[in-house]
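The values are calculated or read from the model by the stated rules, or taken from the named source; none is laboratory data. Note that the structure is predicted; figures quoted are calculated from it, not measured. Please note: Cβ atoms are built from the backbone with ideal geometry, for glycine as well, and neighbour counts cover all protein chains shown. Accessible surface areas use protein heavy atoms only, side chains included; no ligands, DNA or RNA. Shrake-Rupley method; radii C 1.70, N 1.55, O 1.52, S 1.80 Å.
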Amino acid sequence: MIKDRIKQLRKELKLTQEEFADKAGMKRSTLSKYENGENAPSATAFALICKEFDVNETWLRTGEGEMFVPKSRDEELAEFFGTVQGIGPESFKRRF
């Protein structure tokens, strides 16, 4: 069920409902209703979740396929270097 996949995604990302909702541009109460099955996500909500977290929309809607959209090698490297830039002393960054 969609409610289970949304919760599974959030847990996989190690985010609280508040953190997940903030990143996806929705209210925590809205996310809670999705996870509890009280409301079904709109097409806009699906698009926001998939875009923000690189989620495979087919998986989110149906459970088929992989959870995340596969990243190219270049995308993986860009993500890695982006995280390296934000940590450590300046000398480490320059040497790296």
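Assorted remarks:
- Computed magnitude of the charge dipole of the range 1-66 (debye, nearest 20; Cβ of K, R +1, Cβ of D, E -1): 200 debye
- Checking every one of the GluC sites (Glu not before Pro) in the range 1-53 against DSSP loop status and a limit of 15 other Cβ atoms within 10 Å picks out Glu38.
- Residue separation of Ala78 and Lys33 scaled by 0.36 nm, minus their Cα-Cα distance, works out to 12.7 nm of gained length.
- In the range 24-84, the portion of solvent-accessible area held by carbon and sulfur atoms comes to 50 percent [1.4 Å probe, whole percent, DNA, RNA and ligands not counted].
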